[in-house]
1. Across the Cα atoms of segment 273-339, what radius of gyration and what greatest pairwise Cα-Cα distance (Dmax) are found, in Å?
2. Apply the Debye scattering formula to segment 398-481, with a single equal point scatterer on each alpha-carbon and no solvent, then give log10 I(q)/I(0) at q = 0.23 Å⁻¹.
3. Per-residue accessible area for Tyr286 at 1.4 Å probe radius, Å² rounded to 10?
4. Classify segment 303-398 as rounded, prolate or oblate from the Cα gyration tensor: take a ≥ b ≥ c as the square roots of its eigenvalues, call it rounded if a/c is under 1.5, otherwise prolate when a/b beats b/c and oblate if not.
5. State, to one decimal in nm, how far the label point of Val86 lies from the label point of Arg43, with both points 7 Å from Cα in the Cβ direction.
6. With every protein chain kept in place and ligands, DNA and RNA left out, what is the accessible area per residue of segment 181-318? Probe 1.4 Å, answer in Å².
7. What does the accessible area per residue of segment 383-481 come to in Å², with a 1.4 Å probe and no ligands, DNA or RNA counted?
8. Modelled label-to-label distance, Glu475 and Leu8, 7 Å Cα→beta-carbon offset: nm?
Amino acid sequence: MDRIADFLASIRERPVTAGETPRAIRAALGGARLPAAGTPPARLLDETVDLLFEHSLLNGHPRFWGYITSSASPIGALADLLAAAVNPNVGGWDLSPIASEIETQTIRWIAELIGYPAGCGGLLLSGGNMANFVGFLAARRAKAPWDVRADGMAGGGKPLAVYASSETHTWLQKAADLFGLGTGAIRWIPTEAGRRMDVAALERRIAADRAEGSLPFLVVGSAGTVSTGAVDPLPAIARVCRAHGLWLHVDGAYGAPAAALPEASPELKGLAEADSVALDPHKWLYSPLEAGCVLVRDPQHLVDAFSYHPAYYHFVESDEPAINYYEIGPQNSRGFRALKVWLGLRQVGRDGHVRMIREDIALAEALHRAVAAEPELQSFTLGLSIVTFRFVPAGLAPEVPEAAAYLNELNRVLLERLQAGGEAFVSNAVLDGRFVLRACIVNFRTTLDDVEALPEIVVRLGREVDAETRPAALEGGRKRG
């Protein structure tokens, strides 16, 4: 415990990552065979602490802005220790009475936080993929005009169709693949201004599919896309779904918690109209991994999609109904994920989460301004707490066709050098064929000084890469480096 406390206290002084190769990591771990004899726990823990603290990417570092994984609250780490110590199986209420009730309360609090209707159902899962999968399966069961659980996808004779913007996360391909529709069932709807779903195009495609014999059943709206943080026009999409009798599922894995802000856009607050919503507490509610969540407006839809009653499950019934989570999700045995989310919500409350999310958005806006002020950086998008931009060296016009491929390669190499260097960690997006850098701030440790330092770091490393790699054809015949 002392070493963990020291680690958290010193995290700012550490590099975000050591940038080691797989070979170096394997050498640090060693290639020993399974030990025949045991090792004293104190020695094991000392060795393991050294391995983890010295050879990990630190997503709790104030300059980690890469993939959407938040800086995790320390109380969440203690929660995981407590949960593992008691080790309840949160599949059946009898096996986990207080844990089941804590999860139920956590679901209710999350719904309240984002403005989703009271009385909804839901559960915690490993992350966004699984939370979105549950929404997908609930929609398939509710909207397929035959018993899809008994007869499978062949039972209806007509193919189901699902609609999503071209910016939607790849979980949707996985769901269509795994759950029998095939990826050909996905209708990718183009986007308009701000990379948001074109609702008119959605309506046209639904009508065309019905005319051709397909069965539309599901529309997926995004509340914070992975690449740019775009929010689809959810109220307008909801109206289309109601008019056509379709299920609206909102992928809010990243952005849904921002609906808690009083100043959140009407588009984002429109997630309250969805039949189901997925969000990840381990993204913007600062919980440790793993913590995904799905909310479903009518809890019966979860029972309809997942409930079985095997003979070997005999739980005592009483006049007071108890929730058995094995009946409303894909798992039977389930860990106590809810404790870390519940404690985090209790520790800082609604006001604390609103303040932290608002600060993350303000820091992204400050980064966007700092990027725009740097002549060698080209700004692209700002959405929620995501900023995209790229390095364009002085004297190189990005609109020149010959420069386009070089700028993509330059920024790709720059990203690799930046990620390995340990000063800051960002990721990438590809926008209209352009490879850009992407910073996503979901980090309560990040300060204004941190984000204002990033442009200088990017320009310094970008100049180094440009000096080493710029082709002679773009140099007027002079090869640099």
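The values are calculated or read from the model by the stated rules, or taken from the named source; none is laboratory data. This is a predicted model, so every value here is computed, not measured. Note that we place each Cβ from the backbone using ideal geometry, even for glycine, and neighbour counts take in every protein chain shown. Quick note on the areas: whole protein, heavy atoms, side chains included, nothing else; ligands and nucleic acids left out. Shrake-Rupley method; radii C 1.70, N 1.55, O 1.52, S 1.80 Å.
1. Cα only, segment 273-339: 14.2, 40 Å (Rg, Dmax).
2. Scattering profile of segment 398-481, log10 relative to I(0): -1.17.
3. 10
4. It comes out prolate by the Cα gyration axes.
5. Modelled inter-label distance: 3.6 nm.
6. Value returned for segment 181-318: 38 Å² of accessible area per residue.
7. Computed with neighbouring chains in place, this is 40 Å² per residue.
8. Result for the modelled spin labels: 5.1 nm.
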